[in-house]
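See structure below.
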Amino acid sequence: MKKHTVTAALAGLLVLSSAVPALAAEAKPATGIQVWVDGKKEAYKIAPIVRNKQVLIPLRQLASSLGIPLDSKHITFNTARQSTTIRYDQATVVLVSGSPEAQINGIKVPLSTSTILTKQGVTYVPVDVIKEAWGKQVIWDPASQTVQIGVSNKDKVIEIVKSFETGDTKAAETWISKDQYIQHNLSFASGRDTLLQGISQSKGANVQVEIQRVIQDGNYVAVHYKESIAGKTSIVFDIFRFDSNGKIVEHWDNMQDSAPANPSGHTMIDGTTQITDLNQTETNKTLIRKFVDDVLVGKNRAALESYYNGDHYIQHNPLFGDGVSNLKQAFSAAGSQGSPFGYDQVHMVIGEGNFVLVVSELTSSKGTSAAVYDLFRVENGKVAEHWDVVQEVPAKTEWKNTNGKF
């Protein structure tokens, strides 16, 4: 998720009108604008403003609405630069008065209009920075003069996945499209109603869900978790695609029975969880895609070591221990049996910061298709950690929908 920061002496410093650009004097409060955050109407003492047909909201009031503490640790102000820095939830956001862009974790992101610092000492921020920095849904309706700031797509996914513990369908009814839900879990018919039935039926079934990792890439959110049903435990990846209105319109998943710890003592779900290096997302996605295409699809084993930092490699696959040397032995063993291990094709790559999830397809030992979800953690430009889940694709005669696994 993404967020911002302002300064401790903000109240006093902002009164320095001599440092305010001329355009700030033209900013006039709008009347009648309503701001709703997560379904709750906010009562702002200072009204939002409209500039270039875009809404800007007073920073301090908006921070309070979103739960950002108003202290120097989270919000700082630089008088000389007329910049505001917001540090919150693994994101650092810099906004400069008069600039139509934000710097989010070192990356310049264009905004709909410029941040404004007024002569009255009020910093107004474009409402779309909330989406860019926090991943929340933001809708501005000029006709009704209403700004809706919604639950982040990550939080929506968490609510839906956790609903299988309670059997409560409210989250799914709220966040999943009623008419456009495409289902790729072949055990369910397509459409929302079948999923709602599945959630309802889980009530009282002693379902337990332990979410470990959630990553977001544009309109896609992937979640990695352990699920226990009546004592049987599985490791699961879910991927949800959202439309522009913040509704879930498509879903993929992959699951595998949980296995005992591997030779290095790692389980299929434990390990690093913190998302870092958000400014390296695209670089890391490119690296992992190249690795998979080169080594796993292209079977170029000679290039294997170039993607790792020596033998340093944490492995969560239940069959193998840590280290690139163990991976090389596994590939060698597969090759000695006359059928070098490799993937047929890559279907999807989703990444956020140091985590990259790759959805691939391979031909199983039985000659049938199997889906592989590989989650990689990248550190300093090298593959550092790996989790995976493998599931055979059932015969078409068993499919409950025609959308396919991928």
Full-stretch length increase - ALA43, LYS290 - with 0.36 nm per residue and alpha-carbon distance subtracted: 83.9 nm
Structure-based [θ]222 nm, the chain - -39500 (n - 2.57) summed over DSSP H runs of at least 4, per residue, nearest 500: -5000 deg cm²/dmol
Degrees separating the helix 281-291 axis from the principal Cα axis of the chain, which is the longest one: 20 degrees
Whole-number accessible area per residue in Å² for the chain, which is evaluated in the context of all protein chains at 1.4 Å: 46 Å²
For the chain, size of Cβ-based charge dipole, Lys and Arg +1, Asp and Glu -1, in debye: 1180 debye
Spin-label model distance (nm) - GLN212 vs ASP71, 7 Å beyond Cα toward Cβ: 3.3 nm
Counting DSSP beta bridges with both ends in the chain, the antiparallel % (nearest 5): 90 percent
Rounded tilt (10° steps) of 324-336 against the dominant C-alpha axis of the chain: 40 degrees
Dipole moment magnitude, nearest 20 debye, the stretch 101-241 about Cα centre, only Lys, Arg, Asp, Glu C-beta charged: 160 debye
Label-point separation, ASN219 to ASN380 (7 Å along Cα→Cβ), nm: 3.9 nm
Which of ARG51, ARG289 is most accessible, then next, and so on - probe 1.4 Å: ARG289, ARG51
Heavy atoms of LYS162: accessible area, 1.4 Å probe, square angstrom to 10: 70 Å²
Near-label residues of the stretch 194-235 by backbone N, under 16 Å of a point 7 Å along Cα→Cβ of LYS400: 194-203
Computed E for SER64/SER365 - FRET, C-beta separation, R0 51 angstrom, nearest 0.05: 0.30
Within a Gaussian network of the chain (alpha carbon springs, distance under 10 Å), most fluctuating of ALA80, ALA91, ALA302: ALA80
Solvent accessible area, Å² - GLU210, 1.4 Å probe, full protein context: 90 Å²
Accessible area of the chain belonging to carbon and sulfur atoms, whole % at 1.4 Å probe: 49 percent
Listed residue (ILE104, GLN120, GLN212) projecting farthest to the positive dipole end of the stretch 75-217, Cβ model: GLN120
Heavy-atom accessible area order for MET255, MET268, MET348, largest first, 1.4 Å probe: MET255, MET348, MET268
FRET efficiency, 1/(1 + (r/R0)^6) with R0 25 Å, evaluated for PHE341 and HIS312 via beta carbons: 0.65
Linear extension gain, ARG81 paired with SER264, 0.36 nm per residue minus alpha-carbon span: 60.8 nm
GLU379 accessible area, 1.4 Å probe, all protein chains in place, Å² to nearest 10: 90 Å²
Between 0 and 90°, nearest 10: helix 153-166 axis offset from the chain longest Cα axis: 60 degrees
Dimensions in Å of the chain - Rg and Dmax from alpha carbons: 24.2, 77
Those aspartates and glutamates that a straight Cα-Cα span of less than 20 Å connects to LYS45, excepting residues fewer than 8 apart in one chain: GLU26, ASP71
Given charges at beta-carbon only (K, R positive; D, E negative), |dipole| of the stretch 198-306 in Debye: 140 debye
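The values are calculated or read from the model by the stated rules, or taken from the named source; none is laboratory data. Bear in mind the structure is a predicted one, so any value in this text is a computation, not a measurement. We place every Cβ from the backbone using ideal geometry, glycine too, and count neighbours over all the protein chains shown. All accessible areas refer to the heavy atoms of the entire protein, side chains included, with ligands and DNA or RNA removed. Shrake-Rupley method; radii C 1.70, N 1.55, O 1.52, S 1.80 Å.
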